[in-house]
Amino acid sequence: MIFHFRNFARLDRWSYRPVVDASLEGEGAWDGIFGRLYRHEKDLREQIAQRDQEIGMLLAAGQALTDGVVLLAQNTQILFCNTMAESQLGLVIRTDRGQPVVNMVRQPEFVAYLEGSDYSRPLTMRSERRDDRVFSVHVIPYAGDRRLMQVKDVTQTDRLDQMRRDFVANVSHELRTPLTVLAGFLETLQEIEVDHDEQQRYLQMMADQSRRMQSIVQDLLTLSSIESAPPPDNEPVDMVSLLDKLRRDAEGLSAGRHTIVVESDGHADLRGSEPELVSAFGNLVANAVRYTPTGGTVTLSWRATPQGAEFAVQDTGIGIDAKHIPRLTERFYRVDRGRSRDVGGTGLGLAIVKHSLNRHQAQLDIKSTPGVGSRFAAKFPANRVAGL
Ligand code: ADP
């Protein structure tokens with residue numbers, strides 16, 4: 001009796017705190033029972049430790065995802081969310097676990113999507129908390145009534161989509177105006193007898209409109225070819241002959257109405273794609289001539305130092321109000337639409353300039369004073385300068 005009682009007391013004591021670091025020892029038949037109990041307890045603990053480790057790995061994988069992930073139980077109660085979802089949706093898992101997510105994110109379109117049953121498409125919503133962000137929320141049902149919610153930040157793609165839509169609308173608008181004029185004159189000429197002089201006037205206006213359309217299409221093709229081209233070459237471009245060509249083009253466009261000056265320190269060349277640089281610099285020079293009244297001066301300058309190089313075009317023209325300067329390189333942005341049309345502008349010149357310069361890691365610096373003149377400078381980094 002005493003023997004059994006002693007062993008029973010040991011088992012009783014151990015069962016309160018079943019430690020597995022010190023072996024549970026019994027006597028006689030008790031030792032076998034204790035041994036099995038002890039092993040069972042030890043196995044159980046090992047299994048739990050392994051499960052904990054596996055759960056920890058799964059949670060770490062959930063945290064490592066670049067998208068937000070929220071696991072929902074019945075009634076949209078939050079079971080888990082990763083830190084990305086916390087920052088996207090303004091959740092705090094420590095306090096929000098067990099709360100319905102629709103109490104935390106109350107945007108009507110989100111609530112309607114979650115409470116509906118059609119999850120075949122994601123919901124795109126503009127965040128109310130951070131209204132510069134756009135999220136795509138996709139709910140994926142799993143394990144009966146559980147739901148996994150995947151939240152992607154699609155701000156960038158949304159912005160690009162919007163830009164593409166605006167661009168198509170702008171191109172259509174730009175081409176529609178000259179087309180309407182052309183069609184109008186054609187109809188008039190077909191329907192009404194007009195005298196020779198009148199006819200010549202109409203034909204001249206039709207030729208102007210078709211030239212305008214040609215310029216727009218040409219600039220669009222230049223933009224698209226720059227966009228789809230591989231990165232520009234690193235070959236040296238001879239700046240002496242490039243400056244000479246730019247000067248001749250400026251003189252041709254000015255037709256003697258301006259003084260064209262070229263200042264060059266003449267030491268170095270640029271590394272890059274010659275056609276792209278010609279197109280960028282040519283646009284700056286053409287703008288300077290077109291937006292400078294007769295009698296003005298257009299100065300082309302080229303300076304290179306070991307720190308970098310600068311090609312600049314300065315004019316004594318109409319200048320630009322400061323509020324327009326940040327938007328000048330947007331496609332089809334013009335300060336004065338009528339004036340741009342009168343001088344044969346397409347509104348795409350500076351967009352081409354900016355794009356070509358970006359591809360050469362160069363910055364466009366614009367300084368201007370209305371009524372005094374403007375200075376457009378392309379600043380190139382040292383690795384684009386050759387021959388110093
Ligand atoms: P555009 O074909 O209309 O000239 P750009 O993209 O080349 O289009 O230029 C955008 C606008 O910037 C022009 O419409 C004009 O209002 C302004 N601009 C560009 N260059 C000059 C300049 N040198 N002087 C004054 N305004 C300029």
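The values are calculated or read from the model by the stated rules, or taken from the named source; none is laboratory data. Quick caveat: nothing in here was measured; it's all calculated off a predicted structure. Cβ placement follows ideal geometry from the backbone for every residue including glycine, while neighbour counts extend to all protein chains displayed. Each accessible area value is taken on the protein alone, full model and side chains, heavy atoms only, with ligands, DNA and RNA left out. Shrake-Rupley method; radii C 1.70, N 1.55, O 1.52, S 1.80 Å.
For the reader, a short list of remarks on this structure follows.
- GNM result for the chain, Cα springs below 10 Å: residue of Arg211, Arg375, Arg45 fluctuating most strongly: Arg45
- Gaussian network model of the chain, Cα within-10 Å springs - most flexible of Asp219, Asp67, Asp31: Asp31
- Solvent-accessible area per residue in the chain equals 59 Å², computed with a 1.4 angstrom probe and all protein chains kept.
- Residue of Glu263, Glu193, Glu330 that the Gaussian network model of the chain assigns the largest fluctuation, springs spanning Cα pairs under 10 Å: Glu193
- Computed about the Cα centre, the dipole magnitude for the stretch 101-175 is approximately 240 debye when only Lys and Arg (+1) and Asp and Glu (-1) carry charge, each at its Cβ.
- Here the relative contact order of the stretch 65-153, from alpha carbon pairs under 8 Å that lie six or more residues apart, stands at 31 percent.
- Of the DSSP H helices in the chain, those whose Cα atoms cover at least 30 Å axially and whose Kyte score averages -0.5 or more: 155-191
- Toward the positive end of the charge dipole of the stretch 2-62, with +1 on the Cβ of Lys and Arg and -1 on the Cβ of Asp and Glu, the farthest Cα among Ile2, Ala61, Pro18 is that of Ile2.
- Note on Ala229 and Asn170: the extension gain reaches 18.9 nm, defined as 0.36 nm multiplied by sequence separation minus the Cα-Cα distance.
- Antiparallel DSSP beta bridges within the chain, percent to nearest 5: 90 percent
- Mean sequence separation of contacting Cα pairs (under 8 Å, at least six apart), scaled by the length of the chain, corresponds to a relative contact order of 10 percent.
- Note on the chain: with charges restricted to the Cβ of Lys and Arg (+1) and Asp and Glu (-1), its dipole about the Cα centre is near 1140 debye.
- Cα gyration tensor shape for the chain, rounded if a/c is under 1.5, else prolate or oblate: prolate
- Global form of the stretch 170-286, assessed from the alpha-carbon gyration tensor, a/c cut-off 1.5: oblate
- Protein accessible area in the stretch 207-257, 1.4 Å probe - carbon and sulfur %: 52 percent
- Prolate/oblate/rounded call for the stretch 157-228, Cα gyration tensor, a/c under 1.5 rounded: prolate
- Taking 26 Å as the straight-line reach from the Cα of Lys354, the lysines in range (excluding those fewer than 8 positions away in the same chain) are Lys245, Lys323, Lys367, Lys379.
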